[in-house]
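Working notes, structure below.
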Amino acid sequence: MDREPERDAAARPRGGGRDERGPGDGASPAAESGAGGAVDGGGPDGRRARREAERGERRSAGVSRRALLTGAVLLGGAGAFGYSRREELDRWWWRYSGAAAPRVEGEVDHGGAEWIPASGANLRRASRPRDFGIDRVVVHMPEATYDVTLRVFQDPSHRASTHYVVRSEDGHVAQMVRELDVAYHAGNRAFNERSVGIEHEGWADQPEYLTEAMYRSSATLVAGICARHGIPVDRDHIVGHREVPEVVRVCPGSAWDWDRYIELVRSERDALG
Ligand SMILES: [Zn+2]
């Protein structure tokens, strides 16, 4: 996320100190998605998602998974086409049947992360990667402190969230949304569905927030995400928020050292084997 639009009162923490406010860097105040401020994503994604989920539930009433998959085989026949057709219908079933992948309260995807859940209003429950494949990691900088970022994503009125928040001074990681679920962080619905979002405490115009501890901890986190989901470690798949299509943002800012970061992720990924 980039900055806090003046009109978005929900994003503005009380107190107004430098630590709790965006710098006003002149970036576009809000993406078309309604994303903005000390928070990304959000907005219409949630409303659309709920409508879609409701429609999906109605459509899928009475359709068993077995019937669907049997149908897939009949439709597709043998061979590669049949397999992809089946896979496609399998995803469809996971999206619309109302089935949910098992989840354990408080369980985190990244070992060592602290579970600090975002408000349920700021995410869409899903069963990734069964319903939506994950092939991107989106790097953000919130223009806010770690604590303020957590508070904003816990606020149900904000309509935005992220999977992880990394603290500048020591690289501590909070997980706020399960990788199973869709966090509203990218300001682009298709990107939200396919990605994992990570906020890094700090401001784009204050490179002193980009500590060694934060880079290293984030690299370990991203190496694990890439390993879990089979995501290649490169700049096509690990992107900045500003690189998401149709998003006008500076996030994570020009000081972010991409070469060093990708190198760190690669060495962490190699260490995982
Ligand atoms: Zn961002």
Among the numbered conditions (1) without any contact (Cβ under 8 Å) to a residue 40 or more places away in the chain; (2) crowded, with 20+ Cβ neighbours inside 10 Å, tell me where Ala126 comes up short.
(1)
Which residues, counting only those in the stretch 129-159, are over 21 Å from Val222 (Cβ atoms) and more than 16 Å from the ligand (Cβ to nearest atom)?
Arg130, Asp131, Asp147, Arg151, Gln154, Asp155, Pro156, Ser157
Residues being closer than 17 Å to Gly240 by Cβ and in contact with a Gly (Cβ under 7 Å, 6 or more places away or on another chain): count how many of those fall in the stretch 161-197.
8
Just wondering, is there one or more residues in the stretch 157-165 that are outside any loop (DSSP other than H, G, I, E, B), within 11 Å of the chain's Cα centre (by Cα) and in the same structural domain as Gly240 (by TED's automatic domain parsing)?
yes
When the stretch 215-252 is checked residue by residue, the ones that are crowded, with 22+ Cβ neighbours inside 10 Å and at pLDDT below 95 are Val247, Arg249
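Just checking, which of Val152, Val139, Val104, Val108 is of a type in the set (A, V, I, L, M, F, W, C) and in contact with a His (Cβ under 6 Å, 6 or more places away or on another chain)?
Matching residue, one of Val152, Val139, Val104, Val108: Val152.
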Regarding the stretch 166-181, can at least one residue be identified that is within 16 Å of the ligand (Cβ to nearest atom), surrounded by 22 or more Cβ atoms within 10 Å (Cβ to Cβ) and modelled with pLDDT under 95?
no
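The values are calculated or read from the model by the stated rules, or taken from the named source; none is laboratory data. Source: prediction; values computed, not measured. Note that we place each Cβ from the backbone using ideal geometry, even for glycine, and neighbour counts take in every protein chain shown.
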